[in-house]
Amino acid sequence: MDPSTIIPNYQPLPLPAPLWLLQTLLVVGFFLHVIPMNMTLGGSILSSLLLIKGGSDKTSYAFRAGKGLASALPICISFAITQGIVPLLFLQLLYGPAYYTSSIVMAVPWISLLGLLLICYYGTYLITYRVLHSNEHAGGSGIKAGAIMLLVALGLGGIGFLFSNNMTLMLTPEKWVELYKSSASGLHLNLGERQLWPRYLHFALSAVAVGGLTLGAFGLYFSKREQEYSTWLIKTGSRIVAGITALQVLVGFAFLFALPSIATKNFLGGEPIGSISLAVSVVLSVVVLIATTIAAITGSNKAFVTGMLSTIVVIFTMIVTRHMLRVYSLHQHFQPDSLPVAVQWDILIAFLVCAAGLIAYLTWLTRTVWGAFNPPEITFQPKAETTV
Amino acid sequence: MNYPIWVVPIFGGGWIIGIIAIVHVFLSHFAVGGGAFLALTEELAYRRKDENLYAYLRQHSRFFMLLTSVAGAVTGVGIWWAISLVNPDGTAVLIQNFTLGWAVEYVFFVAELATVFAYYYTWDKLTKEQHLNLARMYFGFSVMTLVVINGILTFMLTPGHWLESRYWLEGFFNATYWPSLVLRLLIMFALAGMYAMVTSSQIKDQKTREYVVRFCAKWLLPIFFIGPVAGYFYLANVPQAAIETVFNGVHASGVGNFSVLARALYLSLILSGTVIVFAYIGPYLNPRGLTVRISILFLICGLTVTGITEWMRELLRKPYVVYGYMYCNGIRKESVDKLNEGGFLAQSKWSTITALPHGQNDIELGRNIFRYQCMSCHTENGYRGMKKLLGERDRDAIEGFLKTIKSRNKENNPYLGIMPPLVGNDDDLQKLASYLCTINGHSETSPAVSSKTRASSQF
């Protein structure tokens, strides 16, 4: 049916800042959310596999790496949630009428996501405090922790799946009425959507790749203290990233051709921003593939760092690509550019100042904490030598 | 009308918001008050060089971190989930107005979380001064999140000059901003004291336990002395029409029991008075006697009072979501005239289309009007159910009632303080009546007359 009669109106209030700025904040905010979110999802998957592999051998590299990932998870989840606030804010502001409607159509799964999140979150604490750091379970603690972690990973993957459902459902107003008519209580998902599975797979795999990067980053951290462990971490992490990236090329194309044909055309030269961001992503993925393959074979720090930085850039350009997909899909029915703009200069400036302050504060805080965990005696080599 | 309605059987969508919001209020108030508690207690431990006190803080801080960073953050996001599902239009108003305000809050929230993690993980790793500073900073950031969100929350009840100027700052620093800020801070301190009683009642070393328990009891004092004053200023600035409904109920009608609000107010006053008196003669005068169980009892009382207070605040705002601007069913006050003239159904996006599967008959269309205009507060059979409220009214009585609540004149419509006026033309009213008759079983007495024949018989 023609959805134009049921497209909800924006509220008759102006936007608080120019559209380009709000859209930039949406994209940048999502980027800042995706990094910890991917570390969480990918980290939980890899951690569970590593812990199970390590089993009861607590000195094995696999166990240590799995434990390291597991201990980082609570903080990652916490940041994934807080960083999620920004894109959620600007998504509601710019595409609220689409987002609210699709959320209502799938209300029950959408709100159950919160319960799932709470359980997974406490699950990670359970693993770090009760299982990994207690001595009673000297035996198969790796297996047990890994098994619980697997459940957590499944839960987190489920949350991602629900997001994929809603983020695709909001793009297709033509489906809303039929779904809503068949249940007004919000008992739906968007399983009939052609792009759903490739899209979800694309995102989930990228999370595993970021998990691999996190492992490699641990390797960098250990490179001065335990050369062998460090190399193992970098090689393992790089192998994961390289393997996933190769797979992503296939999944990515499947995703691209599962899109509505107009969107596919736009990405293949029909529209400049989307085409450029996609092209850059593909080219950089090749760089990632080469760099991480080298790092996987040689264990080279430099190659790994190159791969890591390129991946981060690819994630950003892919997010731009994803944003453009939303723009193409919603363009016909939702025009945030039709809203008047009345810039709230005072609070806009206050926000920018606060944001700058936050960056400064976090830098300072990281330094302080880093200093606390790496007291000068250890990193300050000459002094250590004289005392020996 | 603008959005589809999420139909939540029995409870109604309001409760979904309510449950998440109340849990979140407990936890977030604890996050701020608890921050003050950590900072001050650590200051004390530092000055007295009291290792026992440090040991206690270390314990308490894990409990604190787990509760606030996990459940606090998730329920905070949860409120957004809930309000956007239940009241998308109202949410959109807040978002379009205050996105940047929320963005500022987010900055402080990130700083707060980063600090709580840093604080928790650096016990014994930093110097005592550095660690104490982290506690102070945590408190500062968490207060800032309150300073921001308080403006948005109070805006909903007293938007003040924003109604004319549409200038966000006038909505933000509104008439109830300062009293509400003070009240919330006091509640936060009191809750922090009560939470800390639970953890401190388990301290092994008896001397430290007595000392800390007594210290906790003192956290209830500020609200005892300043609370009533702040409360008075708060109520004095709330729209007086809202206050009237609180204390008088709707006398002219059968809903005298709306003064349940007044009763809730008394209950919460009595309960908080009791808590404070008992805190004085219990933990303060006799800290040795405080067991874990008693401390949990205190906490439950405190949470009950907080819950009731929040609930009252929400009721005060009824029937609006933004007072004087948008009703809680998402209809803007200024659009009522237009909807009355042209008809509600005729000008709604979702309400007619969704009636289609059962055929567009009067009852189905009436059901949709009910969903859009009444279901933000009522359900069919469950919470505040229509079946019970309609009672024995027959079709004429129902029509009469609907005409009453359609009026926007206080003299004719005693319900104006609690229900938004019914919006729409006569045709809409007939359809709604047809539907309501099916709920309490009075549809047989007056077979659903097609609205067309009715309308034509009027001309």
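The values are calculated or read from the model by the stated rules, or taken from the named source; none is laboratory data. None of the values given here were measured: they were computed from a predicted structure. So basically every Cβ, Gly included, is an ideal-geometry build from the backbone, and we count neighbours across all protein chains shown. Quick note on the areas: whole protein, heavy atoms, side chains included, nothing else; ligands and nucleic acids left out. Shrake-Rupley method; radii C 1.70, N 1.55, O 1.52, S 1.80 Å.
Restricted to segment A:14-25, and to residues that are within 11 Å of chain B (Cβ to nearest Cβ) and open to solvent by 10 Å² or more (accessible area, probe 1.4 Å), which residue is nearest to A:LEU89 (Cα to Cα)? Top of the filtered list is A:LEU25. All told, B:PRO4 falls short of being buried (at least 23 other Cβ atoms within 10 Å of the Cβ), assigned by TED's automatic domain parsing to the domain that holds B:ASP205 and within 30 Å of A:PRO14 (Cβ to Cβ). If you go through segment B:414-443 and pick out every residue that is on the phi < 0 side of the Ramachandran plot, over 33 Å from the mean Cα position of the chain (by Cα) and either at pLDDT below 90 or among the small types (Gly, Ala, Ser) (or both), you end up with 3. For segment B:119-153, the tally of residues that are open to solvent by less than 60 Å² (accessible area, probe 1.4 Å) and either of a type outside the set (Val, Ile, Thr) or assigned to a helix (DSSP H, G or I) (or both) stands at 24. Cβ separations smaller than 6 Å between residues 6+ apart or across chains give the following pairs from segment A:354-367 residues that are over 17 Å from B:MET144 (Cα atoms) to residues that are in a helix (DSSP H, G or I) and open to solvent by less than 60 Å² (accessible area, probe 1.4 Å): A:LEU365/B:ALA114; A:LEU365/B:ALA118. Among the residues of segment B:165-175, the one identified as over 20 Å from B:GLN240 (Cβ atoms) and crowded, with 22+ Cβ neighbours inside 10 Å is B:TRP168.
Quick one: which residue in A:GLY243, A:GLY212, A:GLY216, A:GLY237 is crowded, with 18+ Cβ neighbours inside 10 Å and either without any contact (Cβ under 8 Å) to a residue 24 or more places away in the chain or in a loop (DSSP other than H, G, I, E, B) (or both)? Only one candidate qualifies: A:GLY243.
Selection of segment A:85-112 for residues being crowded, with 23+ Cβ neighbours inside 10 Å and closer than 23 Å to A:SER44 by Cα yields only A:TRP110. Checked against (1) polar (S, T, N, Q); (2) closer than 30 Å to A:LYS175 by Cα; (3) in the same structural domain as B:ILE152 (by TED's automatic domain parsing); (4) open to solvent by 10 Å² or more (accessible area, probe 1.4 Å), B:SER28 passes all but a single condition, namely (2). Picking from residues in segment A:97-122 that are more than 23 Å from B:LEU67 (Cα to Cα), part of a helix (DSSP H, G or I) and of a type in the set (A, V, I, L, M), the one that is farthest from the other protein chains (Cβ to nearest Cβ) is A:ALA98.
Exactly one residue among B:TRP178, B:TRP162 is in contact (Cβ under 8 Å) with a residue 12 or more places away in the chain, open to solvent by less than 10 Å² (accessible area, probe 1.4 Å) and within 24 Å of the chain's Cα centre (by Cα), and that residue is B:TRP162.
Evaluate the following for A:ALA254: is it in the same structural domain as A:LEU289 (by TED's automatic domain parsing) and under 20 Å from the mean Cα position of the chain (by Cα)? When the stated conditions are applied, A:ALA254 does not pass them. State which residue is nearest to B:SER165 (Cα to Cα) when the search covers only segment A:311-346 and only residues that are open to solvent by less than 60 Å² (accessible area, probe 1.4 Å) and touching a strand residue (DSSP E or B) at 6+ places or on another chain (Cβ under 8 Å). Going through the qualifying residues, I end up with A:ALA342. For segment B:96-112, the candidate set comprises residues that are crowded, with 23+ Cβ neighbours inside 10 Å and over 20 Å from B:GLY140 (Cα atoms); within that set, the residue that is farthest from the other protein chains (Cβ to nearest Cβ) is B:PHE98.
I'd like to verify a number: residues in segment A:26-45 that are away from chain B (no Cβ under 11 Å), of a type outside the set (Phe, Trp, Tyr) and more than 8 Å from the chain's Cα centre (by Cα), how many? Total meeting the criteria: 6. Only residues that are open to solvent by less than 40 Å² (accessible area, probe 1.4 Å) and facing chain A (nearest Cβ under 9 Å) were counted across segment B:36-86, and they come to 15. Starting from residues that are in contact (Cβ under 8 Å) with a residue 40 or more places away in the chain and in a helix (DSSP H, G or I), keep the ones in segment B:288-300 and report whichever is nearest to B:MET419 (Cα to Cα). Going through the qualifying residues, I end up with B:LEU299. Taking the listed residues B:GLU364, B:GLU399, B:GLU411, the one that is open to solvent by less than 50 Å² (accessible area, probe 1.4 Å) and modelled with pLDDT under 90 is B:GLU364, with no other qualifying. When segment A:170-204 is limited to residues that are hydroxyl-bearing (Ser, Thr, Tyr) and either within 14 Å of chain B (Cβ to nearest Cβ) or within 30 Å of A:VAL241 (Cα to Cα) (or both), the one that is most open to solvent (accessible area, probe 1.4 Å) turns out to be A:SER182.
The requirement of being in contact with a strand residue (DSSP E or B) (Cβ under 7 Å, 6 or more places away or on another chain) and not in a loop (DSSP other than H, G, I, E, B) is satisfied by B:MET156.
Annotation: A:GLY66 fulfils all but one of (1) within 23 Å of the chain's Cα centre (by Cα); (2) among the small types (Gly, Ala, Ser); (3) surrounded by fewer than 21 Cβ atoms within 10 Å (Cβ to Cβ); (4) more than 11 Å from chain B (Cβ to nearest Cβ); the unmet one is (3). Summed over segment A:40-92, the residues that are over 30 Å from B:GLN96 (Cα atoms) and of a type in the set (S, T, N, Q) give a count of 8.
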